[in-house]
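Here's the structure we're looking at; comments come further down.
Where a number appears in this text, it was derived from the coordinates with a stated rule and is not lab data. Note that the structure is predicted; figures quoted are calculated from it, not measured. Here Cβ is always computed from backbone atoms with ideal geometry, including for glycine, and neighbour counts include all displayed protein chains.
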Amino acid sequence: MSVPLKEIADALGVKPQYISVLKRRGMPVSTVDAARDWYLAQGDKRSRPAPIAAPQSLDDGTLADGIAAHKALVSQARGVWQAAMDQGDSNQGKFQTAYNQSYKTLLDLEAEQERRLKESRTFILRAEAEASMKQLMAEVVNRLDKLALDVAEQCNPANPPIAVKALEAWVRRTREALCSDETEA
């Protein structure tokens, strides 16, 4: 014989519909005391902290951390679904749906990360890049041309003209090498 669900609900301070749910989960309804004892014993399971809400604004670091954490959740959801299938659990459809939703969320997060990466890159036109490289190479060649006279005395204080000849020969070979690499490209 069981006690009316409304009586148990009133004693526990919950709605009668919730008592029906608890009854399906195994709560005894033979007496109010037995129901209360079972309900209190289950309290630890019911008082889990709520999931932490995602920040409203995800910066790139937070997004990367979120993706890493979500990958673990997807893996866990897949494990639960796989175990349910292996055991023939009647709830395997629910677990598959949870896995599919979790996986879709992961894909959405990764797509957002990729979109942000593309958006953050700055592109320059090829003509601008070529002009900048030509200007840079002109400065390098100009400095190479001045090298012999600027450092000859430091290289050979006793006879700077010998150092000038050696440095000019080195600059000439370097320019030829740069020009030959430039024409091969």
Notebook entry, point to check: Using alpha-carbon pairs under 8 Å, 6+ residues apart, how would you state the relative contact order of the chain in percent?
Noted result: 11
Notebook entry, point to check: Where a Cα-Cα gap under 26 Å defines reach, which lysines qualify for Lys15, not counting those fewer than 8 residues away within the same chain?
Noted result: Lys6, Lys23, Lys45, Lys94
Check: In the Gaussian network model of the chain, springs joining C-alpha atoms below 10 Å, which of Ala34, Ala83, Ala111 carries the largest mean-square fluctuation?
Finding: Ala34
Check: Restricting attention to the alpha-carbon atoms of the range 126-184, what are Rg (one decimal) and Dmax (integer), both in Å?
Finding: 14.4, 49
Check: Cα to Cα, under 30 Å, and not fewer than 8 places away if on the same chain: which lysines meet these conditions relative to Lys118?
Finding: Lys71, Lys104, Lys134
Notebook entry, point to check: Which translational diffusion coefficient, to the nearest whole µm²/s, is obtained for the chain from the Stokes-Einstein equation, given a Kirkwood hydrodynamic radius over C-alpha pairs, 4 °C and 1.567 mPa s?
Noted result: 52
Note to self: If I fit a long axis through the Cα atoms of helix 126-155 and take the longest principal axis of the Cα atoms of the chain, what angle between them do I get, 0 to 90°, rounded to 10?
What the structure shows: 50
Check: Is the shape of the range 5-46 rounded, prolate or oblate, going by the alpha carbon gyration tensor and its root eigenvalues a ≥ b ≥ c, with a/c under 1.5 for rounded and a/b larger than b/c for prolate?
Finding: rounded
Next item on the list: Between Gly66, Gly93, Gly26, find the one with the highest GNM mean-square fluctuation for the chain; connect C-alpha pairs within less than 10 Å.
Entry: Gly26
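About its Cα centre, what dipole magnitude does the chain give when the only charges are +1 on Lys and Arg Cβ and -1 on Asp and Glu Cβ, stated in debye to the nearest 20? Walk me through the numbers on the way to the answer.
Values: 25 positive and 26 negative charges, 210 e Å.
The calculated dipole for the chain is roughly 1000 debye.
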Next item on the list: Report the one residue of Pro28, Gln76, Val14 whose Cα lies farthest in the direction of the positive end of the charge dipole of the chain (charges on C-beta: Lys and Arg +1, Asp and Glu -1; origin at the Cα centre).
Entry: Pro28
Margin query: At 7 Å along Cα-to-Cβ for each site, give me the label-to-label distance between Cys155 and Lys6 in nm.
Written below: 10.6
Checklist line | Convex hull (Cα only) mean projected area of the range 60-120, reported in nm² to one decimal | finding: 3.9
Checklist line | Packing-based ranking, highest mean first, of 113-120, 6-13, 74-81 given that Cβ atoms within 10 Å are counted | finding: 74-81, 6-13, 113-120
Next item on the list: Kindly write out, for the range 75-90 in residue order, the coupling ³J(HN,Hα) from the Karplus curve 6.51 cos²θ - 1.76 cosθ + 1.60 (θ = phi - 60°), rounded to whole Hz, with x marking Gly and Pro.
Entry: 4, 5, 4, 5, x, 5, 5, 4, 5, 5, 5, 5, 8, x, 4, 6
